Every structure is written in structure tokens, then in C-alpha cells.
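Undergrad: Starting off with a structure, shown below.
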Amino acid sequence: MIVGFLGAGKTTLLKKLTKEYIKSQWQVQIVLNDYENANLDAQQFLDLLDASEINSLSGSCICCSGIHELRALINAVPKRENGITLIEANGTSDACTLMEFLGVGIKDHFLPPVQVSVVDVRNWQARGNQNELEANQIEVSSLVVLNHCDSVSEDRIQQVRSEIRQLNPKAQQMTFEELNGSSLIKLKPNKSSSNKMDHLKAHWSSCSIDLPEPITKEKMGRFMAALPDGVLRAKGCTRLEGDDYYTFFDRIPSGEVTSRRFHANLLNGPQLVVVGPESQPEQLKSLLSEIVQ
């Protein structure tokens, strides 16, 4: 189970692990959970796995109401000779509650679930009202993966390591570059107790809106930059003017926007998915309309 705050790098880690396990002849199954459109991320794995090996779970909180559907998806995965199942939880999951619930009702051919947390060292515990949720996401993890270490000082890395150690002294810590598939399969479940969090803090609003196709790169950039502060994560896909392919856009809570070529088909057309308190579709549509006029 891969957890971590919005934009910490969970999907990037999932891709890295999937590639490594395939190369080592493991039989991989993945489950992706997201608020609105998990299929958007799922399609990015079609160049690595068959569609039957990819499961997407949209619009459910897998740490409570969606746990039954998650269990059903996992239990539907057949027993394999050399199998591994990788699950990516959405970025606001109550990770402690998730592990507590997930450890019950799984078929016997699975080993007990192990949690891996991804931490963005640039923004660790700089989340304001969401600091408690971010801390919750590492408390029962067996491994904490430190991401974006190349963007901060060594002092910052050591500070983050120390704070994580105070919250979870039993967890191993590795940088994104140090982690490999062989180290992951040696992990054991972390049975540490956790601080109880108000579960409603993990329940945020989300929505999706249609994007125009095509749109100029300049206008798409202006729109992503103008999203309200209460939109903590935004990701979507559309075709830029002059291109014959689609581009995937991603905005993390710090406001940083990245883009990359999208190597799959758009099942639901060009869309933007947003997460956060200000996920209001009419407001976002109005903002987009002002920019594209």
C-alpha cells in the first residue's frame, strides 16, 4: 500500500516499482484510487501492463466507505506464482485507519499488507491545517520514501528524517533513488500504535470539469496558475494547439505545475480533476471561460 500527501510522488514511485518488478519477472497487479477519475492515472500504465492487471477505484474514501470495494478488488486478484499487488491510495487517505481495516478480510494467499509512505521533503509539515493528516500518513508505515531530496539542503533532509523518526521510530527511511523493488519485498508490517485523527479531516471535496481542445499552452498555463488556493491538487489532460497528441498537466499543493506527454487514450475526453475545499465546478468553469475567451 503506497500512501502520501497530494503530489508527494506516489504515482511516480508506483511506476518505478512496476517497471522493476516486471523486469525481474514478477507478476504485477496494481490498484489506483483517486477522488474523481482514477482511470486517468490507470491509463498511464497501459504501456507496462495489460488492462486486466490494472484496477481503478474512483470517488471512494478507501479508508472507510470504499474499503469493501477495495477488499473486493484485491480478493479478485488471482493467486500467482511470483505475484505482487501494489495499491496507491489517494493523497488524503487516513493511512492508519486504512491499514487497520485492510488487514481484515483479505484472502489467505496474500501476505499481511505492508504500507509505504512517500514524503516530499520540500513541503513536509508545511501544509498548514493539513499537517496532522500528513503526519498520520507515516505513523504505521514500514518504509518512508524521501522524495525530492535533490531540491533541498542536507540540513533539511536531516531535519525531516529526525521528525519522521520521532513519529515512527520503527520505519525504515530511504530516498527515492535508494529504493528498489528487492528492498520493498523484505518489509514486514509495522504494528505500532498511532495517534487517533478526526477521520473527517481526510474527507475533502473534489470535482472535475471539461477542458477545451485544443487550447494554447499559454492559456492552459494561466488557468493552472490561477486556480484558487483552496484547490490543493489539480491534474488533467488535453491537447495543446499545434499538437497531434495529448498533454498531461499536474499541479501539486505548493503551486508547482508540470506537464508531460500523455501516452494513452482519453476515455472520458479532455478533463481536469481537482481536490480541495474550493473544488467548485461552476467557479472553475467561469475562471476557465475568462481565460480562454
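Undergrad: Of all residues in segment 239-264, which are part of a strand (DSSP E or B) and in contact with a Pro (Cβ under 8 Å, 6 or more places away or on another chain)?
TA: Residues of segment 239-264 that are part of a strand (DSSP E or B), as a first pass: 240, 246-251, 257-262.
L240, Y246, listed by residue number.
Undergrad: Return only the number of the condition from (1) touching a residue at least 40 places away in the same chain (Cβ under 8 Å); (2) part of a strand (DSSP E or B) that L288 does not satisfy.
TA: L288 satisfies all of (1) touching a residue at least 40 places away in the same chain (Cβ under 8 Å); (2) part of a strand (DSSP E or B) except (2).
Undergrad: Applying the selection to segment 57-102, what residues are among the β-branched types (V, I, T) and either farther than 28 Å from I22 by Cβ or modelled with pLDDT under 85 (or both)?
TA: Applying the first criterion (among the β-branched types (V, I, T)) to segment 57-102 yields 62, 67, 74, 77, 84-85, 87, 92, 97.
Once the filter is applied, which keeps residues that are among the β-branched types (V, I, T) and either farther than 28 Å from I22 by Cβ or modelled with pLDDT under 85 (or both), segment 57-102 yields I62, I67, T92, T97.
Undergrad: Still on this model: Inspect all residues belonging to segment 196-206 and state whether any of them is at pLDDT below 95, assigned to a helix (DSSP H, G or I) and more than 30 Å from E282 (Cα to Cα).
TA: So the first thing to find is which residues in segment 196-206 are at pLDDT below 95, and the list is 196-206.
Now restrict to residues that are assigned to a helix (DSSP H, G or I): 199-202.
Subset that is more than 30 Å from E282 (Cα to Cα): none.
No; the residues of segment 196-206 include none that is at pLDDT below 95, assigned to a helix (DSSP H, G or I) and more than 30 Å from E282 (Cα to Cα).
Undergrad: Out of curiosity, is A171 modelled with pLDDT of 95 or more, of a type in the set (G, A, S) and surrounded by 19 or more Cβ atoms within 10 Å (Cβ to Cβ)?
TA: Against the criterion (modelled with pLDDT of 95 or more, of a type in the set (G, A, S) and surrounded by 19 or more Cβ atoms within 10 Å (Cβ to Cβ)), A171 qualifies.
Undergrad: Evaluate the following for A234: is it within 20 Å of the chain's Cα centre (by Cα), of a type outside the set (D, E, K, R) and closer than 21 Å to A126 by Cβ? Before you say what the answer is, go through the steps one by one.
TA: Working: within 20 Å of the chain's Cα centre (by Cα): yes; of a type outside the set (D, E, K, R): yes; closer than 21 Å to A126 by Cβ: yes.
Considered against the rule, which asks whether it is within 20 Å of the chain's Cα centre (by Cα), of a type outside the set (D, E, K, R) and closer than 21 Å to A126 by Cβ, A234 comes out as yes.
Undergrad: Where residues in segment 235-265 are modelled with pLDDT of 90 or more and aliphatic (A, V, I, L, M), which of them is surrounded by the most Cβ atoms within 10 Å (Cβ to Cβ)?
TA: The qualifying residue surrounded by the most Cβ atoms within 10 Å (Cβ to Cβ) is L240.
Undergrad: When you go through (1) at pLDDT 90 or above; (2) surrounded by 10 or more Cβ atoms within 10 Å (Cβ to Cβ); (3) not basic (K, R) one by one for Q166, which number turns out not to apply?
TA: (2)
Undergrad: In segment 260-285, what residues are touching a helix residue (DSSP H, G or I) at 6+ places or on another chain (Cβ under 8 Å) and within 20 Å of N123 (Cβ to Cβ)?
TA: V274
Undergrad: Return the total of residues in segment 143-168 being under 14 Å from S117 (Cβ atoms) and either in a loop (DSSP other than H, G, I, E, B) or free of Cβ contacts under 8 Å to residues at least 60 places away in the same chain (or both). Talk me through it step by step, then tell me what you get.
TA: Of segment 143-168, the ones under 14 Å from S117 (Cβ atoms) are 143-147, 160-161, 163-165, 167-168.
So of that shortlist, the ones also either in a loop (DSSP other than H, G, I, E, B) or free of Cβ contacts under 8 Å to residues at least 60 places away in the same chain (or both) come out as 143-144, 146, 160-161, 163-165, 167-168.
Matching residues across segment 143-168 total 10.
Undergrad: Pairs only if they're at least six apart or on different chains, beta carbon under 6 angstrom, first in segment 211-222 and assigned by TED's automatic domain parsing to the domain that holds D244, second among the small types (G, A, S) and at pLDDT 95 or above; list them, first residue then second.
TA: Going by the 6 Å Cβ cut-off, there are no qualifying pairs.
Undergrad: Let me ask another. Look through segment 266-293, keep the residues that are within 19 Å of K217 (Cβ to Cβ) and not aliphatic (A, V, I, L, M), and return whichever of them is surrounded by the fewest Cβ atoms within 10 Å (Cβ to Cβ). Walk me through it before giving the result.
TA: Residues of segment 266-293 that are within 19 Å of K217 (Cβ to Cβ), as a first pass: 266, 270-272, 287-293.
Keeping just the survivors that are not aliphatic (A, V, I, L, M) gives 270-271, 289-290, 293.
Details: P270: 18, Q271: 18, S289: 10, E290: 11, Q293: 6.
Filtering segment 266-293 for residues that are within 19 Å of K217 (Cβ to Cβ) and not aliphatic (A, V, I, L, M), the one surrounded by the fewest Cβ atoms within 10 Å (Cβ to Cβ) comes out as Q293.
Undergrad: I've got another one for you. Please go through segment 210-225 and give me each residue that is hydrophobic (A, V, I, L, M, F, W, C) and either modelled with pLDDT of 95 or more or closer than 20 Å to L266 by Cβ (or both), ordered by number. Lay out the reasoning, then the answer.
TA: Start the filter on segment 210-225 by keeping residues that are hydrophobic (A, V, I, L, M, F, W, C), which leaves 211, 215, 220, 223-225.
Across segment 210-225, the qualifying residues are L211, I215, M220, F223, M224.
The values are calculated or read from the model by the stated rules, or taken from the named source; none is laboratory data. What you see is a predicted model; the values in this text were computed from it and never measured. Methodologically, a virtual Cβ is constructed for each residue, glycine included, from the backbone with ideal geometry; neighbour enumeration extends over all protein chains shown.
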